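Everything below concerns the one structure shown next.
The values are calculated or read from the model by the stated rules, or taken from the named source; none is laboratory data. The model shown is predicted, which means the values in this text are computed figures rather than measured ones. Reconstructed Cβ throughout: ideal geometry from the backbone, glycine too, with neighbour counts over all protein chains shown.
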Amino acid sequence: MNLLRTLADVVGSPNVLTGDDAQPYLTDWRQRYRGRAQAVVRPGSTAEVAAVVRACVAARAPMVPQGGNTGLVGGGTPDDSGDAVVVSLQRMSRVRAIDTANDTVTVEAGCVLQAVQQAAREHGRLFPLSLAAEGSATIGGNLATNAGGTQVLRYGNARDLALGLEVVLASGEVWNGLRGLRKDNTGYDLKHLFIGAEGTLGIITAATLKLYPLPAAQMTALAAVPSLAAAARLLERARAAAGAALTAFEVMGSAPLRNTVETLPGLRMPLPLGQPWYALLELSDAESEAHATATFERILAAALESGDIADAAVARSLAEAEALWRLREGIPEAHAKRGGNVKHDISLPVSCIAEFVDSTNAALRSRFEWIEPIVFGHLGDGNLHYNMGTVPGTPIDVAFAHESGINAVVNDAVHARGGSISAEHGLGQLKRDAITRYKPAIELELMRAIKRTLDPLGLMNPGKVI
Ligand SMILES: Cc1cc2nc3c(=O)[nH]c(=O)nc-3n(C[C@H](O)[C@H](O)[C@H](O)COP(=O)(O)OP(=O)(O)OC[C@H]3O[C@@H](n4cnc5c(N)ncnc54)[C@H](O)[C@@H]3O)c2cc1C
């Protein structure tokens, strides 16, 4: 029987999209990858996902799972053969259960991250995963990419927030591992195979996630810092003074901030743009606003005194805090509007970061005199978006024409310092080949062995990761 007819029997014809209806699912957020597919299929339940997988296996059709399609490495975009079926989880958006006594929530994979945060808040709990694309990114995509975001410093990444998973395997069988247990030493922890696998081992259909108490008070400040080394010292000072209450520590270069304020309407810098770096700090206090204010004042006063910050602005209201976060979270959107840049999502020990940026900037500038570093990221996690644009007057296409040369300089410098060339975005199509240069052969072979075991026909998101 024809595959599309079988899929329509499973999910209903309105949920099998072809032609123009399928187009939004075939291009990635950055508009860098465009693919083709037999169809986009939108199952509404785990049983339907399983039936879709069985039908695709019978027809030997590759499957590309997709959530909110906000991934930045082309993981959710099919290749251009037109053979694939994109399996969109967007209709599976139910919160199945909240257990406040156990501090867990069980949600379907297509639940948008912001909706999970909201559901938790309505029950007096915090679901801490937070990233700029949270209005569209889904929990399935967050787990499949092991997303990081702005709260990793305190709560860890998506992997650390998952207690259980439900997965449709490449065979079409359903593995129900939705356990809400914080302790379970009964052999291999299988959920971790699917988390971060970018859809290459199976389709995540639901997850049981950890919840936390809502903080009594939250405060945000922006500090102007004279160097990245000073920002790292400020981080150390803030950690020592605030401990677990320090929930975010982001840095932004003055170039991306300037571009963002110029590009997105309604944004304003509360400090003059005269320093090379800016740090965004967030305190989440379990006690009170007065306690948070006192902690912040202590940290900032000591840092001013030591010269590690030149100036600071503390948000006095929720609206002011949101405006500070908008400066940080608007950076990717503003640069996408300005034509993009050559992206790197690197992580290093925090202790190496300032030296890495100084020496790699110098190495890049000596080879590409038109380069302009657009650097920002999650300094508290040792993770920078070390992106490369061009100085005014040089079109960004010049940077894209030299992308492989730029990547080689950056990736070699990261590798030489024991870092990772993909901290939180994954490998997808973008870094699939590059990683073979840096990962030990034995690690790559173990990954291939896992892939062969769980997906012997190679139909789960082929061409991604490995
Ligand atoms: C403006 C902006 C800011 C961002 N900021 C951050 C950030 O701070 N931190 C961060 O980590 N990321 C960030 N990202 C990247 C992106 O939002 C995350 O990777 C997110 O987790 C992807 O979720 P998604 O639902 O959009 O997944 P998609 O883009 O749809 O898919 C991503 C990958 O996961 C696979 N996948 C999706 N759903 C499933 C499923 N149910 N089962 C199995 N595989 C699946 C896909 O095949 C693909 O390989 C940002 C993106 C944008 C556009």
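Just a few scattered comments:
- The single condition from (1) more than 13 Å from the ligand (Cβ to nearest atom); (2) not in a loop (DSSP other than H, G, I, E, B) that Ile309 fails is (2).
- For region 445-457, a residue qualifies if it is in contact (Cβ under 8 Å) with a residue 60 or more places away in the chain and either within 15 Å of the ligand (Cβ to nearest atom) or in a helix (DSSP H, G or I) (or both), and the qualifying residues are Ile450, Lys451, Leu454, Asp455.
- The residues of region 37-84 that are among the basic types (Lys, Arg) and farther than 19 Å from Gly19 by Cβ, listed by number, are Arg54, Arg60.
- Being in contact with a Phe, Trp or Tyr (Cβ under 7 Å, 6 or more places away or on another chain), touching a residue at least 24 places away in the same chain (Cβ under 8 Å) and among the β-branched types (Val, Ile, Thr) holds for only one residue in Ile195, Ile204, Ile139, and it is Ile204.
- Scan of region 62-88 for residues that are closer than 14 Å to Thr27 by Cβ and outside any loop (DSSP other than H, G, I, E, B), ordered by number: Val64, Gln66, Val86, Ser88
- Of the set (1) touching a Cys at 6+ places or on another chain (Cβ under 8 Å); (2) surrounded by fewer than 23 Cβ atoms within 10 Å (Cβ to Cβ), all apply to Val85 but (2).
- Test: Ala120 is under 27 Å from Val53 (Cβ atoms) and surrounded by 19 or more Cβ atoms within 10 Å (Cβ to Cβ): no
- Selection within region 219-232 - under 23 Å from the mean Cα position of the chain (by Cα) and either of a type in the set (Val, Ile, Thr) or surrounded by fewer than 21 Cβ atoms within 10 Å (Cβ to Cβ) (or both): Thr220
- Flag if Ser88 is within 28 Å of Ala59 (Cα to Cα), away from the ligand (no atom under 12 Å from the Cβ) and modelled with pLDDT of 95 or more: no
- Scanning region 410-444 for residues that are in contact with a Leu (Cβ under 7 Å, 6 or more places away or on another chain), surrounded by 16 or more Cβ atoms within 10 Å (Cβ to Cβ) and not in a loop (DSSP other than H, G, I, E, B) turns up Val414, Ile435.
- Annotation: of all residues in region 312-342 being of a type outside the set (A, V, I, L, M), touching a helix residue (DSSP H, G or I) at 6+ places or on another chain (Cβ under 9 Å) and assigned to a loop (DSSP other than H, G, I, E, B), the one that is nearest to the ligand (Cβ to nearest atom) is Gly340.
- Restricting attention to region 18-44, the residues that are surrounded by fewer than 21 Cβ atoms within 10 Å (Cβ to Cβ) and away from the ligand (no atom under 13 Å from the Cβ) total 9.
- Tabulated pairs, region 179-191, first farther than 19 Å from Ile450 by Cβ, second hydroxyl-bearing (Ser, Thr, Tyr), C-beta under 7 angstrom, 6+ apart or interchain: Arg179/Thr208; Gly180/Thr104; Gly180/Thr208
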